[in-house]
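What follows is a set of notes on a single structure, which appears directly below.
Only the coordinates and a few stated rules stand behind these numbers; no lab work does. Small disclaimer: the values here were computed from a predicted structure and weren't measured. Please note: Cβ atoms are built from the backbone with ideal geometry, for glycine as well, and neighbour counts cover all protein chains shown.
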Amino acid sequence: MCGIAGYVGRRRAIEVVFDQLKRLEYRGYDSAGIAFVQENEIQVVKRAGKLSALTSVFGSDSPEVQMAIGHSRWATHGEPNDTNAHPHFDQHEQVAIIHNGIIENYQELKDSLVAEGHRFLSDTDTEVAAHLIGRAYTEGVPLEDAVRKTLARLRGAYALVVVSKREPGKIVVARNASPLVLGVGEGESFLASDIPALLPYTREVIALKDGHMAVLEENQVRIWDFDGTPTPLEIMHIDWDIEAAQKGGYEHFMLKEIHEQPEVVRQCLAGRLDEKNALRLDQVFNETVWNEVERVTLVACGTSYHAGLIGKYLFEQLLRLPTDVFYSSEFRYGDPVLSPRTLAVMISQSGETADTLAALKLCKERRIRTLGIVNVIGSSIARDCDRVLITQAGPEISVASTKAYTAQVLSLMLLVLHVAQVREMPGVHVGDVVRALQQFDGLLARTIETEPEIIKVAEEMQNAPLVFFLGRGIDAAVALEGALKMKEIAYLPTQECPAGEMKHGPLALIEKGVWAVVGSSDAKMRPKLVSNVREIQARGGRVVMIAPESDQTLDSVADVLIKTPSTPYEYLNALLTVPVLQLLAYHTARLRGEEIDQPRNLAKSVTVE
Ligand code: AGP
């Protein structure tokens, strides 16, 4: 997510905004910019790269102005470069805006503006909003009215910040599903995308609500809803320290990122569904290619490999497309069988994993089409693949990947649904699945509410000598991810395998004190799973099962049963078990007093082979 900052008041505004952006650097970004009014003109200075590339333009002697806004960009539309960096001007440089989020209908708005003669400098959706606001900002119209009129035409998730040369003491902001907080000081007002950027100046904070806009001036902050109805200021006193604030009040980034997943679902879907619930993935291959592809080869490491296993299930079950999943580190040594009708899909959060880059290099040497499913735009894998689908999970700080995995699986689902749409796959009702996906953020939030039950399990499990992670079908793939989480942050030994494999060896490891975690998303597999659970319990093992609330058969089977919301699709039910497994590993590690965000021996991005 981008970093947003703004100030109006008695201090040197440019220095305040640079300091605020510095306090937001932990969120990750690829360019930065600032806007302020000087001699009745808006000055915009912006640079690709790190904040230092921008601050070095001013040196130690920044202009003495009382209002400025600043932005550090996590690119979603358009490459990270000076032109695409924010702020953006309108056609006549009357206003400048910065923006976080995605304006889904920007293309149709842009087309109509171009038809009116507007010229655009960047590839961004933000510049479209700037032109609309400038167009509405006619003589005598207050800036907030021009913004309000524009908001009525925007669809999507956004936090907007707008300034004008006509009203230099005013900053107008608007929020719709993208974080924006305001700071109230003595004779000064602040804004930011996250609380850490306010705390050095004020602890009196307003969390702007969705559908609300505000005007910040040095002596007052006023708030309305988008219809223009004034709303009271709800000021909170924040007593967090800075580090706690960067974690949003959570103890660890990992816990914050687990809880962010409902928002990640919204970000991942944003801009990819049209009003008829059809997919719109214009950045992947065209129909001709999708009708040629005869085999899919997914290549990844670690958690991303586990997302690939879900991808295999989806490609094969919904599209009947033969699909392989390779560990990147094994792929190029295995002299893989690839044909011109193979599509290679590289899955990577960082986009810099050396093994996956090496696998990509081999595919390109073999002239195989490559598609990247990547979180970091502008990363090596994102750049080197023929096409890329950005997972839009935002920066993931904790070494243990959580929200990025969920976004990878959702992105694979969107891709498979897109191909089902192209191929008009019989039996795949894309609109129905899309409607289920549009409810998914709420279902994920409800799953996370089972956290107190999960903590109780972690309290019992924390000293287990061994924990099994089991499942059948798609749950067997999810079990691998649950096991990896438990290994990499709680350092508990695990044994993961399809439940049906227990009797071929692993069952020998079951004894009193051993726990098993069993996902049961698919009703068809449940009877067989029950007998696996009984095998474990008969030998002294204890079993936690995770199942949709629609199930009525497991209450008397599991030692602990955690219910998750139900959907009509086993692959969505399986994805809803993932936060349970993530929270189980997290709380087990926390109870064991382990270092969670930086686990021993591991790195966030493994750039060595
Ligand atoms: C996940 O919790 C691990 N941190 C690790 O397995 C990671 O998924 C793997 O290194 C792949 O990284 P990538 O997605 O950035 O390529």
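What to note about this one:
- Debye log10 I(q)/I(0) at q = 0.26 Å⁻¹ for the range 405-461, Cα point scatterers: -1.04
- Loop trypsin sites (Lys or Arg not before Pro), the range 382-461, which have at most 14 other Cβ atoms in a 10 Å radius of their Cβ (DSSP): none
- Shown for the range 471-516 is the translational diffusion coefficient from the Stokes-Einstein equation, using the Kirkwood radius over Cα pairs, a temperature of 20 °C and a viscosity of 1.002 mPa s: 191 µm²/s.
- Remark: C-alpha extents of the range 78-163 on the principal axes read 37, 27, 23 Å, sorted largest to smallest.
- Ranked by how many other beta carbons lie within 10 Å on average, peptides 460-466, 292-298, 393-399 from highest: 393-399, 292-298, 460-466
- Contact order for the chain, expressed relative to its length and based on alpha carbon pairs under 8 Å spaced 6+ residues apart, stands at 10 percent.
- Per the Kirkwood formula applied to alpha carbons, the range 34-99 shows a radius of gyration over Rh ratio, Rg over Rh, of 0.95.
- Length-normalised contact order for the range 154-206 - Cα pairs under 8 Å, 6+ apart - percent: 27 percent
- Folded to 0 to 90 degrees: helix 403-422 orientation relative to the chain principal axis, Cα: 90 degrees
- Here the range 490-595 was treated as a single set of alpha-carbon atoms; its pair distances binned every 5 Å from 0 give 2, 12, 22, 23, 21, 14, 6, 1 percent.
- Gyration tensor verdict on the range 226-318 (Cα atoms; rounded if a/c is under 1.5, prolate if a/b is larger than b/c, oblate otherwise): oblate
- 14 Å tail of the calculated P(r), the range 548-588, as % of Cα pairs: 53 percent
- Estimated purely from DSSP H runs of n ≥ 4, each contributing -39500 (n - 2.57), the mean residue ellipticity at 222 nm for the chain is -10500 deg cm²/dmol once divided by its residues.
- Global form of the range 483-542, assessed from the alpha-carbon gyration tensor, a/c cut-off 1.5: oblate
- Only Cα sites of the range 298-386 enter the Debye sum here, all with the same form factor; the resulting log10 I(q)/I(0) across q = 0.18 1/Å is -0.71, listed in q order.
- Gyration tensor verdict on the range 376-425 (Cα atoms; rounded if a/c is under 1.5, prolate if a/b is larger than b/c, oblate otherwise): oblate
- Measuring nothing but how far apart in sequence close Cα pairs (under 8 Å, 6+ apart) lie, relative to its length, the range 115-217 scores a relative contact order of 21 percent.
- Cα point-scatterer Debye curve for the range 349-469, base-10 log of I(q)/I(0) at q = 0.10, 0.15, 0.20 Å⁻¹: -0.48, -0.92, -1.14
- Where only C-alpha atoms are counted, convex hull volume of the range 18-71 per residue in Å³: 75 Å³
- Cα-based Rg and Dmax for the range 278-333, where Dmax is the largest Cα-Cα distance (Å): 12.6, 40
- Rounded to whole Å, the principal axis extents of the Cα atoms in the range 144-251 read 40, 31, 25, largest first.
- Principal-axis tilt of helix 106-115 within the chain, Cα atoms, nearest 10 degrees: 40 degrees
- Stokes-Einstein diffusion of the range 436-479 at 20 °C, 1.002 mPa s viscosity, Kirkwood radius from Cα pairs, rounded to a whole number: 167 µm²/s.
- Spatially proximal aspartates and glutamates relative to Lys524 (Cα-Cα < 14 Å; intrachain offsets below 8 disregarded): Asp475, Asp551, Glu570
- The radius of gyration of the Cα set in the range 14-156, together with its Dmax, comes out at 15.1, 44 angstrom.
- Distant alpha-carbon pairs in the range 335-390 (separation over 12 angstrom), percent: 57 percent
- Relative compactness, the chain, computed as alpha-carbon Rg over 2.2 N^0.38 Å: 1.01
- Greater than 23 Å apart at Cα, pairs in Lys364/Lys487; Lys170/Lys256; Lys403/Lys604: Lys364/Lys487; Lys170/Lys256
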